[in-house]
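Chemist: The following block contains the structure, expressed as structure tokens.
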Amino acid sequence: MPDTTVEAAGPGGAPASALDPFGDDFLRDPFAFHTQLREAGPVVWLERYGVWAMARYAEVHDALRNWATYSSAAGVGLSDFRKEKPWRPPSLLLEADPPEHSRARKAVARAMSPRTIAALREDFAREADSLAAELLARGTVDGVTEIAEAYPLRVFPRAVGITQDCREQLLAYGNMAFNAFGPRNQLQADSMAQVQGVAAWIAAHCAREALAPGGLGDRIYASADEGTVTEDEAALLVRSLLTAGVDTTVIGLGCALDCLARDGAQWQLLRGDLSLAGAAFEETLRYASPVQTFFRTTTREVEVDGITIGAGEKVLLFLAAANRDPRRWTDPDRFDIRRRAVGHVGFGYGIHACVGAAFARLEGRGAAAGARAPRGIPGTSGRAAPPPQQHAQRLRLPAAHAPDTRVRPAAGAARPQARHHRWPRSGST
Ligand code: QZP
């Protein structure tokens, strides 16, 4: 693919790139473009949007660590909250800096304490086993809708304490939230149109009365009882759970299935040693980066490797490119569940690192327990790669472009096959 990098064409002599990280080609196969961005330099000017990009591990990691210079309070999408009105009241968690962020984070972290997570383990494992049994009894299933979507939607609502009947709302709302991180285009407008009405449903289900006692949602209100957050803040923090808790794990599981379906040897390895389940999920996060990018906004002028980034500028952090930076990883483009994937930035890093990571890992490992099922073998009956779609993250696609991630029972000669589909995700909303 032609390299669009132009040396020294950016501000202050920075390398500039014409790549559009929200464009169809890029979103269809982001990894194909990451090398170009990494090689262009430690920091690159993206002409199209007038923002900076970092795609190397060291710089991404530094920026994530340095929250005081690389702020989240102006939003972590392309839109600058200081100049544009956000589509909803900003998240107290995602779109905030210390000290406000610290207070909010504490309330959520408390609600998802290690003890709470440990208490969920059995429920998650049981649900995985019963889902696996049901699916095996049916034969061929769609891995994206019937595993990657179905499993989180079985365990998440009960753990949080909201109604089990929340599928369409949570999927539509997550879809909107993630599309809102990208440019104002048709995809964003369509998501917004679909989410009308759902916003009210979400707000209603963030209320204390709507949450089952003892669930994660209710536990956030414990901080309101103690006065460390207000009742209104507690509701917004529950909104964070509902926004961030479903799409992310659905995509994560979809990516895991996708990786394993493409590589029969890795799948057999996992089947042969289920203690690799945690490592397989971690390697999926490194290799596939379900959340591909995030912005920060500089609070001051900062110099990065001789290039000066001005104050108040947007910087796009390519988590996915950092996760495959050859400066950091050996054989980075190889999916290998035996590798030590620790240190990946798939969950971010620093003060904003995923607060629900333990919850997500529980789901990742839980779903891998499905590998215990005696006959399950993922294979994909390869439909052609879907047409390009615009999206802020590597997340939803309209149903018409859903990949075929069918999981077949292993009958006789049936073997896992690596096939050519790109998108471990259907978008049924
Ligand atoms: C989304 C919120 C991958 C992250 C962007 C997921 C995410 C985290 C937090 C929120 C939303 O606080 O609403």
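The values are calculated or read from the model by the stated rules, or taken from the named source; none is laboratory data. Because the structure is predicted, anything quoted here is derived from the model rather than measured. Neighbour counts are summed over all protein chains in view; Cβ atoms, including those assigned to glycine, are modelled from backbone coordinates with ideal geometry.
Chemist: Scan (1) surrounded by fewer than 19 Cβ atoms within 10 Å (Cβ to Cβ); (2) within 16 Å of the ligand (Cβ to nearest atom) for the single condition A63 breaks and write down its number.
Modeler: (1)
Chemist: Check A261 against each of (1) buried (at least 24 other Cβ atoms within 10 Å of the Cβ); (2) closer than 20 Å to A358 by Cβ; (3) more than 16 Å from the ligand (Cβ to nearest atom) and name the one condition it does not meet.
Modeler: In the conditions (1) buried (at least 24 other Cβ atoms within 10 Å of the Cβ); (2) closer than 20 Å to A358 by Cβ; (3) more than 16 Å from the ligand (Cβ to nearest atom), A261 misses (2) alone.
Chemist: Right, something else. Out of the residues in region 169-183 that are more than 14 Å from the ligand (Cβ to nearest atom) and modelled with pLDDT of 90 or more, which is surrounded by the fewest Cβ atoms within 10 Å (Cβ to Cβ)?
Modeler: The selected residue is P183.
Chemist: Now for a separate question. Give the number of residues within region 131-156 that are within 15 Å of G245 (Cα to Cα) and free of Cβ contacts under 8 Å to residues at least 12 places away in the same chain.
Modeler: Residues meeting the conditions: 0.
Chemist: Output the residues belonging to region 311-355 that are more than 16 Å from the ligand (Cβ to nearest atom) and among the small types (G, A, S).
Modeler: Residues satisfying the conditions are A311, G312, A321, A341, G343.
Chemist: Next question, about the same structure. For I251, only one of the following conditions fails: (1) closer than 24 Å to L171 by Cα; (2) away from the ligand (no atom under 16 Å from the Cβ). What is its number?
Modeler: Looking at each condition in turn, I251 falls short on (2).
Chemist: Counting only residues that are without any contact (Cβ under 8 Å) to a residue 24 or more places away in the chain and of a type in the set (A, V, I, L, M), which one in region 184-209 is surrounded by the most Cβ atoms within 10 Å (Cβ to Cβ)?
Modeler: Among residues in region 184-209 that are without any contact (Cβ under 8 Å) to a residue 24 or more places away in the chain and of a type in the set (A, V, I, L, M), the one surrounded by the most Cβ atoms within 10 Å (Cβ to Cβ) is V195.
Chemist: Now, a different point. What is the one condition in (1) assigned to a helix (DSSP H, G or I); (2) out of contact with any helix residue (DSSP H, G or I) (no Cβ under 8 Å at 6 or more places or on another chain) that R184 does not satisfy?
Modeler: Here R184 clears every test but (1).
Chemist: Could I ask something else about it? Give the residues of region 264-287 that are within 16 Å of the ligand (Cβ to nearest atom) and in contact with a strand residue (DSSP E or B) (Cβ under 8 Å, 6 or more places away or on another chain), sorted by residue number.
Modeler: L285, R286
Chemist: Out of the residues in region 97-112 that are more than 9 Å from the ligand (Cβ to nearest atom), among the hydrophobic types (A, V, I, L, M, F, W, C) and closer than 21 Å to L64 by Cβ, which is surrounded by the most Cβ atoms within 10 Å (Cβ to Cβ)?
Modeler: Here the residue is M112.
Chemist: Let me ask something additional. Only one of (1) among the small types (G, A, S); (2) modelled with pLDDT of 95 or more; (3) more than 16 Å from the ligand (Cβ to nearest atom); (4) more than 24 Å from P99 (Cα to Cα) is not met by A203, so which one is it?
Modeler: That leaves (3) as the condition not met.
Chemist: Within region 6-25, how many residues turn out to be at negative phi and surrounded by fewer than 19 Cβ atoms within 10 Å (Cβ to Cβ)?
Modeler: Total satisfying the criteria: 9.
Chemist: Of the residues D336, D331, D305, which is surrounded by fewer than 22 Cβ atoms within 10 Å (Cβ to Cβ), at positive phi and touching a residue at least 60 places away in the same chain (Cβ under 8 Å)?
Modeler: D305
Chemist: Kindly evaluate L171 against the criterion of being in a helix (DSSP H, G or I), in contact with a Leu (Cβ under 7 Å, 6 or more places away or on another chain) and in contact (Cβ under 8 Å) with a residue 24 or more places away in the chain.
Modeler: So L171 fails the test.
Chemist: Based on what the data block shows, is A58 crowded, with 22+ Cβ neighbours inside 10 Å, at negative phi and away from the ligand (no atom under 15 Å from the Cβ)?
Modeler: Against the criterion (crowded, with 22+ Cβ neighbours inside 10 Å, at negative phi and away from the ligand (no atom under 15 Å from the Cβ)), A58 does not qualify.
Chemist: Something else: Test T284 against the criterion of being crowded, with 22+ Cβ neighbours inside 10 Å, in contact with a Cys (Cβ under 6 Å, 6 or more places away or on another chain) and closer than 22 Å to A360 by Cβ, and give yes or no.
Modeler: In short, yes.
Chemist: On to the next question. Quick one: is R56 under 23 Å from P21 (Cβ atoms) and in contact with a Pro (Cβ under 8 Å, 6 or more places away or on another chain)?
Modeler: Criteria met by R56.
Chemist: Here is a check on your reading of the model: is L78 within 13 Å of the ligand (Cβ to nearest atom) and either free of Cβ contacts under 8 Å to residues at least 40 places away in the same chain or of a type in the set (A, V, I, L, M) (or both)?
Modeler: So L78 does not fit the description; no.
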